[in-house]
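Structure record follows, encoded as structure tokens.
The values are calculated or read from the model by the stated rules, or taken from the named source; none is laboratory data. The shown structure was predicted, so the numbers you read here are calculated from the model rather than taken from an experiment. Accessible surface areas use protein heavy atoms only, side chains included; no ligands, DNA or RNA. Shrake-Rupley method; radii C 1.70, N 1.55, O 1.52, S 1.80 Å.
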Amino acid sequence: MAVPTYATPLERIWHYAYLVICGLIFFFLIAPIVVIIPLSFNAEPYFTFTDRMLSFDPEGYSTRWYESLLTFGMQNPDATGWGFWVDAWNNANWVKAAKNSIIIGVFSTLVATVLGTLAALGLSRPEMPFRRAIMAILISPMIVPLIITATGMFFFYSNPCEMLGIFGLPTDCGRLAGTYVGVILAHATLGIPFVIITVTATLVGFDQSLNRAAASLGANPRTTFFRVTMPLILPGVISGALFAFVTSFDEVVAVLFIAGPEQQTIPRQMWNGIREQISPAILAVATLLVIFSIALLTTVELLRRRSERIRGVTPR
């Protein structure tokens, strides 16, 4: 934005100082993320810029770490053709971690989206009793330190029926810790608050008279929800689902407590790689995750603009 012609010299100085301060803050936030991108193409197994990289020597750059994402853990890395891809799909550690992250993320997102949307719809009704207390409880996973939540989940999922023995349930009905179901439920628990907050914010501008108009025309509650309410709040629901998916895809603490060897996700694989074998392949994964996050943020922004257009608000 240009400085107005009537601005005083002091206002002009503050305007440019403000731009410099904003630029420095932006650089402080974005530099640690941007720097990993060129480092992921380092031809040497180092986490620093080599002399060849600084001199822009082509031999200083390589895609070997991206290739290692497919070959690390394979039984026969020298295989060719279809056999290479079958071996990578079944045995490569990073590929298995990516599959687990996607499977767990998708199912936990579905659970979090359904439960979070239902909770937001209930909390948006003015006749709902104890709305503030219920909202505080539902979003508590965002507030309580994650290490405490993960510890509680571990003890509960180790034998849930024993923890609920006071209700007369059997004391031994299996364990959820170390299973896909347990990890999915844990990630859904962490994702529900994001869905509730996003959908609740969308419902703030929702005109409840539309539901009454649909009911006056003979629509039952189910038809009203799917034909009237859901299309209008859909951008908020999708945004909440994306936040829940990102939360699941990025979560590592609960996975360390609950997941077993078969439920290795990308963050846990990165954690293991840092502890056991420091390799720039971690930078390659981080670069791919940055691109993935940018795509999700772009989607959320497009949904926000669409929601504003639907509600008649001019998007900025």
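Summary of computed values
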quantity	calculated
Within the chain, helix-based [θ] at 222 nm, where runs of 4 or more DSSP H residues each add -39,500 (n - 2.57), nearest 500	-21500 deg cm²/dmol
Listed candidates (i) 114, 73, 32; (ii) 60, 43, 39; (iii) 78, 72, 39 - label of the one calculated as Cα extents along the principal axes in Å	(iii)
Most mobile of Ile282, Ile274, Ile184 in a GNM of the chain (Cα contacts under 10 Å)	Ile274
Listed residues Ser293, Ser216, Ser124, most fluctuating in the chain (Gaussian network, C-alpha, under 10 Å)	Ser216
Protein accessible area in the chain, 1.4 Å probe - carbon and sulfur %	70
For the range 64-71, Karplus couplings with θ = phi - 60° (6.51, -1.76, 1.60), whole Hz, Gly/Pro x	4, 6, 6, 5, 5, 5, 8, 9
Additional length obtainable on full extension of the chain from Thr5 to Tyr61, 0.36 nm per residue less Cα span	15.2 nm
